[in-house]
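Reading through the structure tokens given below for one structure.
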Amino acid sequence: MILEHVAIWTNQLEGLKAYYQTYFGAVSNEKYYNEKKGFESYFLSFESGARLELMQMPNIPDNLNDTVVQQHQGIIHLAFGVDTMAAVDAKANELRAAGFPILNGPRKTGDGYYEFETVDPDQNRLEVTTPYF
């Protein structure tokens, strides 16, 4: 069995699509639009085969994630894997230079990963990670 996709509601569909295309190599399908519901979405595909569905529709409540301190039950982050520690550092530097905050790291974790944490334009937490030995 595989994890087919994860979905994110957004109020800035085009901007979030551009972020994942620019910084994570996502390839988008054509926009789906349901005029009756005002629902719009894209499926973004990644090199691994994983997909991310970005969705927008009127009257969806704002995300209440606190990216600084608070954690909450449920899905808390998406993790993107790269091949080397140098690639983790390079992605952290690229995102920092583009104005995106690096919340933690890059650092070695106790469970064998080298990673950093950041947020996308909607404040969804992301990790970029690689195993270290």
- Consider just the alpha-carbon atoms of the chain and return their Rg together with their Dmax, both in angstrom. 15.5, 53
- Long-range amide H contacts for Glu53: which residues qualify at under 5 Å (H placed 1.01 Å from N, peptide plane, sequence gap of 5 or more or a different chain)? Val6, Ala7, Ile8, Leu44
- Note on the structure: Diffing segment 80-92: the Karplus 3J(HN,Hα) column from phi (6.51, -1.76, 1.60, θ = phi - 60°), in whole Hz with x for Gly and Pro, holds 10, x, 10, 7, 9, 5, 4, 5, 4, 4, 5, 5, 4
- Ascending count of other beta-carbon atoms within 10 Å, so fewest first, for Ser41, Ser48, Ser28: Ser48, Ser28, Ser41
- Can you give the helix-only mean residue ellipticity at 222 nm for the chain, where every DSSP H stretch with n ≥ 4 adds -39500 (n - 2.57) and the sum goes over all residues, rounded to the nearest 500 deg cm²/dmol? -6000 deg cm²/dmol
- Task: Please list, in chain and number order, the residues 5+ apart from Tyr113 or on another chain whose amide H is under 5 Å from its amide H, with Hs placed from the backbone.
- Result: Tyr132
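Using a Förster distance of 25 angstrom, determine the FRET efficiency expected from the C-beta separation of Arg107 and Ala18, and round it to 0.05. Mind showing how you got there, number by number?
Numbers: r = 28 Å, r/R0 = 1.14.
Once rounded, the FRET efficiency stands at 0.30.
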- Take every Cα-Cα distance within segment 77-131, group them into 5 Å bins from 0 onward, and report for each bin the whole-number percent of pairs it holds. 5, 22, 34, 26, 10, 3
- Query: About its Cα centre, what dipole magnitude does segment 77-131 give when the only charges are +1 on Lys and Arg Cβ and -1 on Asp and Glu Cβ, stated in debye to the nearest 20?
  - Reply: 160
- Task: Determine the dipole magnitude for the chain: charges of +1 sit on the beta-carbon of Lys and Arg, -1 on that of Asp and Glu, nothing else is charged, the reference point is the Cα centre, and the result goes in debye to the nearest 20.
- Result: 40
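Say a site is exposed when it is one of the trypsin sites (Lys or Arg not before Pro), sits in a DSSP loop, and has at most 15 other Cβ atoms within 10 Å; what is then the longest site-free stretch of the chain?
Values: sites that count: Lys31, Lys36, Lys37.
Between the exposed loop sites, the longest stretch runs 38-133.
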- Item | For segment 5-56, alpha-carbon Rg and Dmax in angstrom | 10.6, 34
- Could you give me the ³J(HN,Hα) list for segment 118-133, computed from phi with Karplus coefficients 6.51, -1.76, 1.60 and θ = phi - 60°, whole Hz, x at Gly and Pro? 8, 9, 7, x, 9, 6, 6, 6, 10, 10, 10, 9, 8, x, 10, 10
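Read-outs: derived from the displayed coordinates by stated rules, not from any lab. As the structure is a prediction and not an experimental result, all values here were calculated from the model. Counting neighbours? That spans all protein chains shown, and the Cβs are built from the backbone with ideal geometry, glycine included.
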